[in-house]
1. What list of ³J(HN,Hα) values in whole Hz, one per residue of the stretch 49-55 in order, does the Karplus curve 6.51 cos²θ - 1.76 cosθ + 1.60 (θ = phi - 60°) give from phi, with Gly and Pro shown as x?
2. Report, by chain and number, residues whose modeled amide H sits under 5 Å from the one on V43, excluding near sequence neighbours (fewer than 5 apart, same chain).
3. Note the full-extension length gain between A2 and R54 as 0.36 nm times their separation in residues minus their Cα-Cα distance, in nm to one decimal.
4. How do M20, M1 stack up against each other in accessible area, from largest to smallest, with a 1.4 angstrom probe?
Amino acid sequence: MAKIIAWLIVIFIVLLALRMINMRKARGRGAGKSAPAAAEPMVRCVRCTVYLPRAEAIPVEGGYACAEGQCAKR
Ligand SMILES: [Zn+2]
């Protein structure tokens, strides 16, 4: 009887370890997918109302604007 209980504990630990490994892999994949979107937030230009990545925008009074001379003038 003690042997059966010992085997059950071993199987339970193995399953738990496999589940933890799978969760870690899934989390790593999820972070890799969402990282680029989170790294580049979009901002709206206060001059021409066009949305652009914040890295390409320049901070101006009242928000962000396109880099000099790149505004979509109509
Ligand atoms: Zn603009």
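1. Each residue's phi maps through the Karplus curve to give 6, 8, 7, 8, x, 4, 5 Hz.
2. Placed amide hydrogens put L52, R54 under 5 Å from V43.
3. Gain in length upon complete extension: 12.3 nm.
4. M1, M20
The values are calculated or read from the model by the stated rules, or taken from the named source; none is laboratory data. Predicted model only: the values in this text are computed from it and were never measured. These area figures cover heavy atoms from the full protein model, side chains too; ligands, DNA and RNA do not enter into them. Shrake-Rupley method; radii C 1.70, N 1.55, O 1.52, S 1.80 Å.
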